[in-house]
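Quick one: structure below, then a few questions.
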Amino acid sequence: MEKEKQDSILTFLDARFGSTTDLIQKQVRSIKDLQLLDDVLQKVVSTISFEDAQEVIDEAAKKQNE
């Protein structure tokens, strides 16, 4: 389930903004909490720019590591 949610986030980012960076991929893969992954997906679908999506992922990755 975790990998599927991570894949969904990365697929969305690729479709919306073009290819993702290695850092973004690594950060998304570091998020293991299913609820946190759901939150990330909900937030990134409403972002306007890649930078906004990156902020959402940065925050989630930090929460995961707390």
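The values are calculated or read from the model by the stated rules, or taken from the named source; none is laboratory data. Computed from a predicted model, the values in this text were never measured in an experiment. Here the Cβ is made from the backbone with ideal geometry for all residues, glycine too, and neighbour counts use every protein chain on show. Keep in mind that these areas ignore ligands, DNA and RNA; they rest on the heavy atoms of the full protein, side chains included. Shrake-Rupley method; radii C 1.70, N 1.55, O 1.52, S 1.80 Å.
Restricting attention to region 33-66, which residues are open to solvent by 100 Å² or more (accessible area, probe 1.4 Å) and closer than 16 Å to K3 by Cα?
Q35 - this is the single residue of region 33-66 that is open to solvent by 100 Å² or more (accessible area, probe 1.4 Å) and closer than 16 Å to K3 by Cα.
Output the qualifying pairs, or none if there are none: Cβ atoms under 9 angstrom, residues six or more apart or on different chains, first residue in region 5-20 and assigned to a helix (DSSP H, G or I), second residue aromatic (F, W, Y).
Here the result reads L13/F50; R16/F50; F17/F50, each pair linking region 5-20 to a residue that is aromatic (F, W, Y).
Name every residue in region 1-50 that is among the hydrophobic types (A, V, I, L, M, F, W, C) and over 20 Å from K63 (Cβ atoms), in order of residue number.
A15, F17, I48, F50 - these are the residues of region 1-50 that are among the hydrophobic types (A, V, I, L, M, F, W, C) and over 20 Å from K63 (Cβ atoms).
Got a sec? Which of L10, L23 is surrounded by 14 or more Cβ atoms within 10 Å (Cβ to Cβ) and not polar (S, T, N, Q)?
L10
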